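Contents: one structure, followed by commentary.
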Amino acid sequence: MALVEIRDVHKSFGSVEVLKGITLDVEKGDIVTIIGRSGSGKSTLLRCINALETIDRGEIRIEGERIAADMPNLRQLRQRVGIVFQAFNLFPHLTVERNITLAPVLTGKVPKEKARDLALDVLARVGLADKIDAWPEQLSGGQQQRVAIARCLAMSPHLMLFDEVTSALDPELVGEVLKVMEDMARQGMTMILVTHEMGFARTVATKLVFMHQGRVWEQGNPAELFADPKTPELKNFISSVK
Amino acid sequence: MRTFNEADLLSLFSALRWTVVLVALALACGGPLALMLALMRSSRIAPLRWLAAGILQLVQGVPLLGLLMFFYFGMPVFLGVEVPALVAVGVAFTAYTAVFLGEIWRGGIQAVKQTQWEAAACLGLTRWQQFRYVIAPQAFRMALPPTVGFLVQLIKNTSLASVVGFVELARAGQMASAATFQPLLVYSVVAAIYFALCLPLTVWSRKLEARLNGAR
């Protein structure tokens with residue numbers, strides 16, 4: 001059984017059908033990068049996976065459990081599926097430590113007295129242990145994004161979703177975030193990324209998914225797809241982002 | 001005829017107590033209702049939003065003086081029992097506070113980006129935890145200046161309770177003025193007391209704002 005099973009998923013916003021029958025499997029330990037032009041439905045698909053958007057048709061299962069916005073244990077599911085956003089979405093009124101420990105403490109994952117140790121541990125994994133008492137606005141964009149990743153890691157997720165996490169960063173800050181993600185990949189974290197970082201897609205990902213007009217247009221081994229795209233759409237896309 | 005003396009001043013301060021009681025009552029009863037209205041107005045459930053909007057339109061569309069009259073003269077008619085002036089006036093100020101403060105707080109809640117709700121939801125927090133720990137503190141910060149502004153208005157507007165004979169600061173001033181025929185002096189003292197009551201609030205608000213901004 002795949003960790004994530006997506007079957008014939010359809011999603012419309014008003015009269016615009018954004019996802020037109022997506023079928024995709026993600027195995028445990030997979031690093032799946034989803035690429036495609038703006039408006040191809042990449043981010044919507046990612047948001048559907050943890051029920052930030054409701055799907056109109058089809059089904060999504062994570063660890064065998066069917067996902068729906070009104071499922072009774074949605075919160076428990078979300079504790080197992082971390083998502084990192086393009087705009088970081090740190091809580092500006094809380095320190096880095098509290099950003100990280102808020103959810104683990106409130107959901108009973110970790111006792112309050114051990115929360116700081118947990119924060120230090122996950123911050124060390126993203127190379128920011130010295131920023132534990134900082135406020136989000138005192139950090140650079142890259143550091144904020146790493147804290148956002150640490151905040152997800154504190155929940156010990158089984159799956160991590162990344163929604164264009166480097167798109168809002170200055171070019172010189174992209175590398176530090178990608179490095180953290182590469183480390184996570186090496187440690188066996190299952191990850192699904194929507195990204196424009198072709199280098200990452202080519203060298204780190206285990207699977208590449210090219211979306212076009214709301215469909216999975218091509219998918220497979222990244223090296224093979226980059227070297228020999230089967231469709232003119234992927235060929236054009238690759239040459240346009242080179 | 002006598003001149004304005006210490007006894008008049010004491011009676012003003014004694015009546016000031018009732019002004020403070022009215023404000024405290026309005027905040028204690030109107031504050032929770034305001035929060036409820038703000039949450040209803042921000043709710044995902046449409047009938048709750050409609051209900052809150054209806055209450056809001058109704059109460060905001062009536063002048064405070066009208067509310068005071070309505071509850072003071074209306075409560076005995078509709079309830080069939082005489083109610084103390086404090087109760088009638090208290091209910092009017094509670095309604096007034098609930099809708100105006102509710103709108104201020106709704107504005108604060110809705111000014112927090114939707115992505116903050118999403119980020120909190122994605123961490124597995126309940127809807128209430130999302131509000132309590134993520135949205136409310138940010139909304140509070142944004143709503144603080146208008147909230148204190150409203151509080152100052154509320155203090156000053158308690159003077160309207162004098163029209164139904166409730167003896168608070170303004171009414172005590174009226175009585176002292178009638179007894180001494182020194183309206184300018186008496187009302188100047190009354191105004192100075194209102195000012196002394198409101199000034200610390202605005203100063204405190206500014207300090208709190210600066211502290212909260214400094215804490216980020």
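Only the coordinates and a few stated rules stand behind these numbers; no lab work does. Computed from a predicted structure; not experimentally measured. Here the Cβ positions follow ideal geometry from the backbone for every residue, glycine too, while neighbour counts run over all protein chains shown.
In the set B:Leu125, B:Leu160, B:Leu144, B:Leu154, which member is touching a residue at least 24 places away in the same chain (Cβ under 8 Å) and either in contact with a Lys or Arg (Cβ under 9 Å, 6 or more places away or on another chain) or within 14 Å of another protein chain (Cβ to nearest Cβ) (or both)?
On the way: B:Leu125 fails: touching a residue at least 24 places away in the same chain (Cβ under 8 Å); B:Leu160 fails: either in contact with a Lys or Arg (Cβ under 9 Å, 6 or more places away or on another chain) or within 14 Å of another protein chain (Cβ to nearest Cβ) (or both); B:Leu154 fails: either in contact with a Lys or Arg (Cβ under 9 Å, 6 or more places away or on another chain) or within 14 Å of another protein chain (Cβ to nearest Cβ) (or both).
After applying the criteria, what remains is B:Leu144.
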Pairs returned, first residue in segment B:177-197 that is without any contact (Cβ under 8 Å) to a residue 60 or more places away in the chain, second residue that is charged (D, E, K, R), beta-carbon separation under 7 angstrom, 6 or more apart or interchain, are B:Tyr194/B:Lys156
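Out of all the residues in segment A:125-138, which are away from chain B (no Cβ under 14 Å) and under 26 Å from A:Glu164 (Cβ atoms)?
Taking segment A:125-138 and keeping what is away from chain B (no Cβ under 14 Å), we get A:125-132.
Selection gives A:Arg125, A:Val126, A:Gly127, A:Leu128, A:Lys131.
A quick yes/no check of all residues on (1) of a type in the set (A, V, I, L, M, F, W, C); (2) in contact with a Ser or Thr (Cβ under 7 Å, 6 or more places away or on another chain); (3) away from chain B (no Cβ under 11 Å); (4) under 22 Å from A:Ala51 (Cβ atoms):
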{"position": "A:Arg98", "(1), (2), (3), (4)": "no, no, no, no"}
{"position": "A:Gly108", "(1), (2), (3), (4)": "no, no, no, yes"}
{"position": "A:Ile192", "(1), (2), (3), (4)": "yes, no, yes, yes"}
{"position": "A:Thr195", "(1), (2), (3), (4)": "no, yes, yes, yes"}
Scan segment B:75-101 residue by residue and report those that are more than 15 Å from B:Phe166 (Cβ to Cβ) and surrounded by 14 or more Cβ atoms within 10 Å (Cβ to Cβ). B:Ala95, B:Thr97, B:Ala98, B:Val99, B:Phe100, B:Leu101
Among the residues listed as A:Arg37, A:Arg125, A:Arg98, A:Arg75, the single one being closer than 21 Å to A:Gln219 by Cβ and among the basic types (Lys, Arg): A:Arg37
Considering only residues that are within 25 Å of the chain's Cα centre (by Cα), more than 7 Å from every other protein chain (Cβ to nearest Cβ) and free of Cβ contacts under 8 Å to residues at least 24 places away in the same chain, which ones fall in segment B:129-141? B:Arg132
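So which of B:Val91, B:Val87 ends up being of a type in the set (A, V, I, L, M), closer than 22 Å to B:Thr147 by Cα and away from chain A (no Cβ under 14 Å)?
Values: B:Val87 fails: closer than 22 Å to B:Thr147 by Cα.
Of B:Val91, B:Val87, the one residue that is of a type in the set (A, V, I, L, M), closer than 22 Å to B:Thr147 by Cα and away from chain A (no Cβ under 14 Å) is B:Val91.
Is it true that some residue in segment A:111-134 is touching a residue at least 40 places away in the same chain (Cβ under 8 Å), within 22 Å of B:Gln116 (Cβ to Cβ) and either part of a helix (DSSP H, G or I) or touching a strand residue (DSSP E or B) at 6+ places or on another chain (Cβ under 8 Å) (or both)? Don't jump to the end; show me each part of the working.
Initially, segment A:111-134 is screened for residues touching a residue at least 40 places away in the same chain (Cβ under 8 Å), giving A:125-127.
From what is left, the residues that are within 22 Å of B:Gln116 (Cβ to Cβ) are A:126.
Still in the list and also either part of a helix (DSSP H, G or I) or touching a strand residue (DSSP E or B) at 6+ places or on another chain (Cβ under 8 Å) (or both): none.
The answer is no, given that none of the residues of segment A:111-134 is touching a residue at least 40 places away in the same chain (Cβ under 8 Å), within 22 Å of B:Gln116 (Cβ to Cβ) and either part of a helix (DSSP H, G or I) or touching a strand residue (DSSP E or B) at 6+ places or on another chain (Cβ under 8 Å) (or both).
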